[in-house]
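Bear in mind these aren't lab numbers, they're just calculated from the coordinates by the rules spelled out. Given the structure is predicted, the values throughout are model-derived calculations rather than measurements. A quick note on method: Cβ atoms are made from the backbone with ideal geometry, for glycine too, and the neighbour counts reach across all protein chains shown.
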Amino acid sequence: MGRRQSDSELGRFALLALFLMGAIFCCMVYLFLSIVSNPNSITVDSVSELGENGREVALGSEEEDEEDGECCGGIEHLELWGDAVRWGSQFKVNSSEECCVACKAMCGDQGGPCLCDSWVFCGNRVACGLRFGECWLKKQKDTLEPDRKDSGDLVMWTSGFIFGEREGIVGLETEYGVLRIKLFPDCAPHSVAYILEMLQVPHYAGCHFYRAEDRGSFWDSLGNHVENAPFGPPFALIQGTLEAHGIIFKNIPTEVSHAVRRGSVAWIDSGPEFFISLANHFEWKKVYTVFGSVLPEDMEIAEKIAQLPSKQEVWSSINVSVLERPVDLWVRRIKSNS
């Protein structure tokens, strides 16, 4: 059985309690003064949470999305031939990115053709041996049909494409007009390689647009989101497939993801489903592989398709607008001076 506390013991406990209360009060005062002197510490979490919820773009995040940065990617286990403008035996670098950058540096600033439009790098130290680090800079006779020597797991080279400002443009031909698309081979080399492969098939069918949703009242004519408006539906896009009869489609690996802007052409997942955006979708947070962009003067064709008769369907609990009659499309070559 415990014994009863004496008066002297109660007094000591009272003093100890007062001491603890004073210490706690001092800590609270210190914490308050720290917050006041550093106000940003209480706003970071709230701003990031707003962006994650996707309700509205926080101040400054849109500007960050607009800075996508430079790309310099290639395709492993691919060797491109072509006329060498710089011999790899005399030019070695540390990475395929450096080789790509060296090729890009040979593109002028006046919008003319690039002196180098393809590059080949040997980056496997074991397989390359003495050729490790070689960077061959080349010029193709036809930028839309590069001279391919070999591909496959046994090929030790990595290759990439570079298009000048007026080069690398293909057309999606429809009954409403031709959507000219500038391809991004340095950001999405696998995607662009597939599109170039499609150009070599003279007759094919199966490609078409089947979904079309206009900008509604949620985005203005420039594609900018209207403040406090929903993000859809409608979602301001036209969607279709680029899987043609006669071509065996292989899933496109995820490549550099950029912000989706008005005119962006991007895969849905790994393809062959794709979409053309009619608005700036910064809320999508760069989750799609953007492999090209419609020339601004051709966006009126995409807008026309978005206005075609459609019917409402529900896909995975999302309301979508499906064209009553799909719009066939064909991938066509476009001359550089078009």
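Think of region 169-333 as a dipole: +1 on every Lys or Arg Cβ, -1 on every Asp or Glu Cβ, centred on the Cα centre; then among 244, 185, 301, 185 lies furthest on the positive end. Simple point charges give the picture: +1 on the Cβ of Lys and Arg, -1 on the Cβ of Asp and Glu, and for region 175-238 a dipole about the Cα centre of about 120 debye.
One decimal place: the segment residue 176-residue 130 gains 11.1 nm when fully extended, by the rule 0.36 nm per residue minus the C-alpha distance.
One Cα centroid belongs to region 208-270, the other to region 285-331; the line between them spans 6 Å. Order by neighbour count: 170, 331, fewest other Cβ atoms within 10 Å first, most last. Neighbour counts put them in this order, fewest first: 331, 170.
Residue by residue, region 183-197 carries 3J(HN,Hα) couplings of 7, 10, x, 6, 9, 9, x, 5, 4, 5, 4, 5, 5, 5, 5 Hz when phi is fed to the Karplus relation 6.51 cos²θ - 1.76 cosθ + 1.60 (θ = phi - 60°); x denotes Gly or Pro.
The protection proxy used here, the mean number of other Cβ atoms lying within 10 Å of each residue, ranks peptides 115-122, 129-136, 261-268 as follows, highest first: 115-122, 261-268, 129-136. Taken over the Cα atoms of region 214-259, the convex hull encloses 128 Å³ per residue. Estimated translational diffusion coefficient (Stokes-Einstein, Kirkwood radius over Cα pairs, 4 °C, 1.567 mPa s) of region 82-220: 76 µm² per second.
Charged side chains reduced to their Cβ positions (Lys and Arg at +1, Asp and Glu at -1) give region 191-338 a dipole of some 280 debye around its Cα centre.
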